[in-house]
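Enquirer: One structure follows; several queries about it will come next.
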Amino acid sequence: MSQTHLVAPSLLAADFLNLERDLEMINNSEADWLHIDIMDGRFVPNISFGMDITKKVASVATKPLDVHLMIVEPEKYISAFRDAGAEIISVHVETCPHLHRTIQQIQDTGAKAGVVLNPHTPISAIENVLEDIDLVLLMSVNPGFGGQKFIYNTLVKLRNLKSILDQRNLSPFIEIDGGVGLQNAESLLREGANVLVAGSSVFKSEDPSKTISLLKSIERERVYI
Ligand code: DX5
Ligand code: ZN
């Protein structure tokens, strides 16, 4: 039996001059979450938008907001993003010297807590908090920009993560972000991912709503060898 996976279109690739139109498209689509990328120009070499725009988006969006904080000192802004409407808040392990405390802080607001790993960051960096988190996000590109090429080693890393989680009988969401589209979705699901973030592959396609449906309809097939 295949389990349903979630699709989270990334707003970063939307048309900001027609944001409401794109948000309506997502509301009416089969998307499960709306992925919101917050960039500060310090942790990542790009600046996106902040809590005020997130709040405006939340006032129109009907899907849960999945907020990905690519910022230094994320602990300073957790309650602001929760107040702005975030349902899931994910922080990068590379930005959190007191990761366990930051996870508690997110959960204390009532949001789900996710931890994000850059492509070079080993799974071992989060081994001691796996019991505490609701979501693990593996970056499959270096964070900062949409439209980059998927890093193939993510599949190996994902397989390792899934096997560690299975051994410990844990089942946080496993989300993949960066260069995800119809060409690699099936492999990612097969290796254990269950949330697919998709920016360019959705918004730059001819029919974004249909692309979301196609990403949703891919079956996860466990291959036993
Ligand atoms: C990259 C962001 C991604 C980005 C994905 O730093 O975290 O969420 O929007 O965009 P695509 O799907 O185009 O790689
Ligand atoms: Zn993201």
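The values are calculated or read from the model by the stated rules, or taken from the named source; none is laboratory data. Quick caveat, the model's predicted, so the values are computed rather than measured. Cβ atoms come from the backbone with ideal geometry, glycine included; neighbour counts cover every protein chain shown.
Per-residue answers, yes or no, for (1) outside any loop (DSSP other than H, G, I, E, B); (2) of a type outside the set (A, V, I, L, M):
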{"position": "Gln107", "(1), (2)": "yes, yes"}
{"position": "His120", "(1), (2)": "no, yes"}
{"position": "Ile151", "(1), (2)": "no, no"}
{"position": "Lys157", "(1), (2)": "yes, yes"}
{"position": "Leu161", "(1), (2)": "yes, no"}
{"position": "Asn169", "(1), (2)": "no, yes"}
{"position": "Val180", "(1), (2)": "no, no"}
{"position": "Glu186", "(1), (2)": "yes, yes"}
{"position": "Val197", "(1), (2)": "yes, no"}
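Enquirer: Name the one entry in Ala31, Ala13, Ala61 that is away from ligand 1 (no atom under 11 Å from the Cβ) and within 25 Å of Gln148 (Cα to Cα).
Expert: Exactly one of Ala31, Ala13, Ala61 is away from ligand 1 (no atom under 11 Å from the Cβ) and within 25 Å of Gln148 (Cα to Cα), namely Ala31.
Enquirer: Check off (1) within 16 Å of ligand 1 (Cβ to nearest atom); (2) part of a helix (DSSP H, G or I); (3) under 25 Å from Asn169 (Cβ atoms); (4) among the hydrophobic types (A, V, I, L, M, F, W, C) for Val115 and give me the number that stays unchecked.
Expert: All conditions are met except number (2).
Enquirer: Using beta carbons and a limit of 9 Å, which pairs, at least six apart or on different chains, have the first residue in region 47-69 and in a helix (DSSP H, G or I) and the second one surrounded by fewer than 19 Cβ atoms within 10 Å (Cβ to Cβ) and among the polar types (S, T, N, Q)?
Expert: From residues that are in a helix (DSSP H, G or I), the pairs are Val60/Asn27.
Enquirer: Would you mind telling me which numbered condition in (1) outside any helix (DSSP H, G or I); (2) over 16 Å from Val195 (Cα atoms); (3) without any contact (Cβ under 8 Å) to a residue 40 or more places away in the chain Pro143 fails?
Expert: Among (1) outside any helix (DSSP H, G or I); (2) over 16 Å from Val195 (Cα atoms); (3) without any contact (Cβ under 8 Å) to a residue 40 or more places away in the chain, the lone unmet condition for Pro143 is (3).
Enquirer: Which residues, counting only those in region 159-187, are surrounded by 15 or more Cβ atoms within 10 Å (Cβ to Cβ), among the hydrophobic types (A, V, I, L, M, F, W, C) and within 16 Å of ligand 1 (Cβ to nearest atom)?
Expert: Across region 159-187, the qualifying residues are Phe173, Ile174, Ile176, Val180, Ala185.
Enquirer: Moving on to the next point. Just a yes or no: is a residue in region 127-137 modelled with pLDDT of 95 or more, hydrophobic (A, V, I, L, M, F, W, C), buried (at least 21 other Cβ atoms within 10 Å of the Cβ) and within 16 Å of ligand 1 (Cβ to nearest atom)?
Expert: Scanning region 127-137, I find at least one residue that is modelled with pLDDT of 95 or more, hydrophobic (A, V, I, L, M, F, W, C), buried (at least 21 other Cβ atoms within 10 Å of the Cβ) and within 16 Å of ligand 1 (Cβ to nearest atom), so the answer is yes.
Enquirer: Still on this structure, please answer the following. Looking at region 129-140 only, could you name the residues that are under 12 Å from Val180 (Cβ atoms) and either more than 14 Å from ligand 2 (Cβ to nearest atom) or out of contact with any helix residue (DSSP H, G or I) (no Cβ under 9 Å at 6 or more places or on another chain) (or both)?
Expert: Leu137
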